[in-house]
1. Using only Cα atoms and rounding to the nearest 10 degrees, what angle (0 to 90) does helix 68-82 make with the longest principal axis of the chain?
2. Over all Cα pairs of segment 131-286, how is the pair count split among 5 Å bins, expressed in % and running from 0 up to the last occupied bin?
3. Rank Ala54, Ser150, Val136 by how far each Cα sits towards the positive end of the charge dipole of segment 38-167 (+1 on Lys, Arg Cβ; -1 on Asp, Glu Cβ) and give me just the farthest.
4. Where is the GNM fluctuation largest for the chain (alpha-carbon springs, 10 angstrom cutoff): Val12, Val254, Val97?
5. How high is the relative contact order of the chain, in percent, with contacts defined as C-alpha pairs under 8 Å that are six or more residues apart?
6. For the chain, place one equal point scatterer on every Cα, skip the solvent, and apply the Debye formula. What is log10 of I(q)/I(0) at q = 0.12, 0.14, 0.16 Å⁻¹?
7. If amide H atoms are built 1.01 Å from N in the plane of the peptide, which residues on other chains or at least 5 residues away come under 5 Å of the amide H of Thr181?
8. Among 137-150, 239-252, how do they line up by average Cβ neighbours within 10 Å per residue, starting with the highest?
Amino acid sequence: MSRIAYVNGQYVPHRQAVVHIEDRGYQFADGVYEVCAISHGRLIDETLHLRRLARSLGELRIPPPMTEPALQCVLRETVRRNRVDHGHLYLQITRGVAPRDHAFPAGDAPPSLVVTVARQNRERLAKLAGTGVAVVTLPDQRWGRCDIKSIALLPNVLAKQTAREQGAYEAWLVDAQGYVTEGASTNAWIVDQQGRLRTRPLGSDILNGVTRQVLIGVLEAQDVALLEEAFTVAEVHTASEAFISSSTAILLPVIQIDGKKIGTGQPGPLTQRLRAAYRKYSAPIG
Ligand code: PDD
C-alpha cells in the first residue's frame, strides 16, 4: 500500500506530496512541528501534543490552520488512510507561502499544514531498550527559545550527526555552565550518586517533552521522587543510571557517556521499571 500525506487540504500519495518553494518553512524555518506516537492505530497523548502545538504557534504568532477538532480529524484520518498500527505521526505548520521577506507577510497568508505518518521498527526499539545506548556530550549551540518546538533544527541535526559518527545514539547538549540541557531530540535523566532521579527543570532551554510530562505522572503513581534540578557532565559520570525520553524512543537506557560506563554499564533497574510502567499511563484519546 502506498503512503498517503496530508498537504494543505488534500490527501495525496506521499511521492507526490509537495509544498511551494516560497513556503516560509522552506526559506526561514518559520514553523513548528509535533511528533506523536501511534500505537494500535491510535495517537498517543494526542491532547498533550495539541496543547504544546497551540503554545508553540502562539509564541511565534502563527495562526492555527484550522480548529483543534478539525485538526484532530485530519490527524486521525491520515493515520487511518495509511493503516499504520505502530509508528509515529509528523505534523508541521508554517507561516505559509509569501514573497521572501524576513518580516511576517502582510495580509493573511494562510499557514501551511503537512501531516505524514511512518511505521516504526519496534524490534529495533525493543533491542535498544534491552542493550541500552551510548551518548556523547557536545556544547549546546541552540537559540534561547528551545521550549518552542520549532522546525529550525540545524544545531540538533549537527549534534545528532556527530553522535552517530562517534558511534553513539544521542548527543547530550551542555550549556555554558557545564550543565546538561537535553538530548538533540530527547529529554535527559539520571539517577545520581545519592540515588535521586533527576532531570532539568522546565525553562526556555529545553522542550517540555510530552513523554517527560507523562512520566512525571508515572513517577507519582509509582511513588518515585523526582528532583527537577540540572546536572553536570561530572555528575553523569558518577550516576548509577541514566536514560532518555521522547515520543519515538519512549524511555531508552543510557549506559555510556563519552566512552565511559554509567553505573554497571547495563540498563538500570529504575529505568527498566519506569519503561514498563509508562505505557499504562500513556493513553490514546477519543
Ligand atoms: N523530538 N527534546 C527535544 C529537543 C526534542 O526534539 C524532543 C522530541 C524531546 C522529547 O519530546 P517528546 O517527549 O514530546 O517527544 C525533547 C521528536 C521526537 C523529534 O524531533 O523527532
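Quick note: the coordinates plus some simple rules give every number you see, no bench work behind them. Bear in mind the structure is a predicted one, so any value in this text is a computation, not a measurement. Here Cβ is always computed from backbone atoms with ideal geometry, including for glycine, and neighbour counts include all displayed protein chains.
1. The angle comes out near 80 degrees.
2. 2, 10, 20, 24, 22, 14, 7, 2, 0
3. Val136
4. Judging by the Gaussian network model, the answer is Val12.
5. 18 percent
6. Taking Cα atoms of the chain as identical point scatterers yields -0.79, -1.06, -1.32.
7. Amide H to amide H, under 5 Å and 5 or more residues apart or across chains, Thr181 pairs with Leu173, Val174, Asp175.
8. In descending order of packing, they fall as 239-252, 137-150.
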